[in-house]
Amino acid sequence: MRGSNLWAILFSVLLGCAAAAGQSDPTPTGPPRINPNTGTDNSDADFQKRVADMYNLERKLGALPGTGKATPAEPKLSSEQRERVMKLRRVAAPDVEKYGGLLKQEHTGIFKLFPDLGCVSKQVVKVSAECERFVPLSSHFTFRTNSYSNDIYHDLRFKDGYVSGNSFFSQGVFTTIGDEPVENVGLTHPALKFLTSFVADVDAKSAAAHASEFQTGVDSGSYRYADRAEVRENVTYAMRSIAYRLENSLRPMSEETTTNEMMFLSLPYDKRLDVIVVFRILGRDENGGITIVWKELARSNAAKIKFGKNEALKDFRPAQK
């Protein structure tokens, strides 16, 4: 197994995964990292720790036989860069005040999400004029733990003018409700009928078929359901995010572990849930960041998918367009 693949997987687990101990309990534990009452990011200490852990792990991986030198997927941030990220993540006070009543409720929040501009890869850090606006570690979010996440484990990703939710071994389904107050949308809203009635898959073939359908889009009633939605200000959306679990047993990790096996071995480190969320995009700032206010309508333990005896162990999603 190539060291760079191993590093990319473990790095992503470090940045976005919740504790495995909480996986069986659908009730969130511990304080949220995004303060729902102020819109501020509580994760300053966590942010520093995860970046430090990333580089400590890099050194350890470099010493493992057969892995070679690992390459970090994000640049090391200086204290000034970290302070910039934290400052830009802060939600404007008028937005927090406007939704103060909603934010006093459980399973609600407000945060800023910044576009993934493709400025960082495992080998390249772009320095174009556009990338001067790039905000690291702030393009992915998970409602399951109310925190910023990563490319592998997230519920929401902001890129190329769309929000999407196609993280590893997960199915995100979005629909655009329109200019309706987020506070007024509940599970009985007509736009939620399809999302609440959709039956989660239990085998990889069915999951793959549904993923292909949602990549194209499915019409039901007066609404369209797809794996992404165009970002529009002052518009309310609903989504269902199913972070599937694995029914099959896996071999313990070894030097022979394949990249796909490593991905599935990392699943227990993520909080695998099935959640339905309604959110509203309030506006856009000078760096292209969008402010999102949200409330959770339902959550449960996610369904388990089982692979057949001779079926290849791999993600069920089609390649993203």
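The values are calculated or read from the model by the stated rules, or taken from the named source; none is laboratory data. Because the structure is predicted, anything quoted here is derived from the model rather than measured. Cβ atoms come from the backbone with ideal geometry, glycine included; neighbour counts cover every protein chain shown. The area values use the complete protein model at the heavy-atom level, side chains included, leaving out ligands, DNA and RNA. Shrake-Rupley method; radii C 1.70, N 1.55, O 1.52, S 1.80 Å.
For the reader, a short list of remarks on this structure follows.
- Top-ranked residue of segment 244-276 - restricted to ones that are in a loop (DSSP other than H, G, I, E, B) and charged (D, E, K, R), ranked as nearest to Asp203 (Cα to Cα): Glu247
- Filtered residues of segment 200-215 (kept if assigned to a helix (DSSP H, G or I) and of a type outside the set (A, V, I, L, M, F, W, C)): Lys205, Ser206, His210, Ser212, Glu213, Gln215
- Asp201 under 20 Å from Met263 (Cα atoms) and crowded, with 23+ Cβ neighbours inside 10 Å: no
- Those residues of segment 298-321 which are closer than 30 Å to Tyr99 by Cβ and either buried (at least 18 other Cβ atoms within 10 Å of the Cβ) or without any contact (Cβ under 8 Å) to a residue 60 or more places away in the chain (or both), in sequence order: Arg299, Ala302
- Scanning segment 261-294 for residues that are of a type outside the set (Asp, Glu), at pLDDT 95 or above and more than 24 Å from Pro115 (Cβ to Cβ) gives Arg272, Leu273, Ile276.
- All of (1) in a helix (DSSP H, G or I); (2) aliphatic (A, V, I, L, M); (3) open to solvent by less than 20 Å² (accessible area, probe 1.4 Å) hold for Ala229 with one exception: (1).
- Where strands (runs of 3 or more DSSP E) fall entirely within segment 76-194, those with at least 3 residues that are buried (at least 20 other Cβ atoms within 10 Å of the Cβ) and modelled with pLDDT of 90 or more are at 108-113, 140-142, 156-159, 170-178.
- Screening Asn248, Asn301 for residues that are of a type outside the set (Lys, Arg) and closer than 22 Å to Phe214 by Cβ leaves exactly one candidate, Asn301.
- Taken over segment 269-297, the criterion of being hydrophobic (A, V, I, L, M, F, W, C) and open to solvent by 30 Å² or more (accessible area, probe 1.4 Å) is satisfied by Leu297 alone.
- Check on Phe279, in contact with a strand residue (DSSP E or B) (Cβ under 7 Å, 6 or more places away or on another chain) and part of a helix (DSSP H, G or I): no
- Of the listed requirements (1) under 16 Å from Pro318 (Cα atoms); (2) polar (S, T, N, Q); (3) surrounded by 20 or more Cβ atoms within 10 Å (Cβ to Cβ), Ser241 misses just one: (1).
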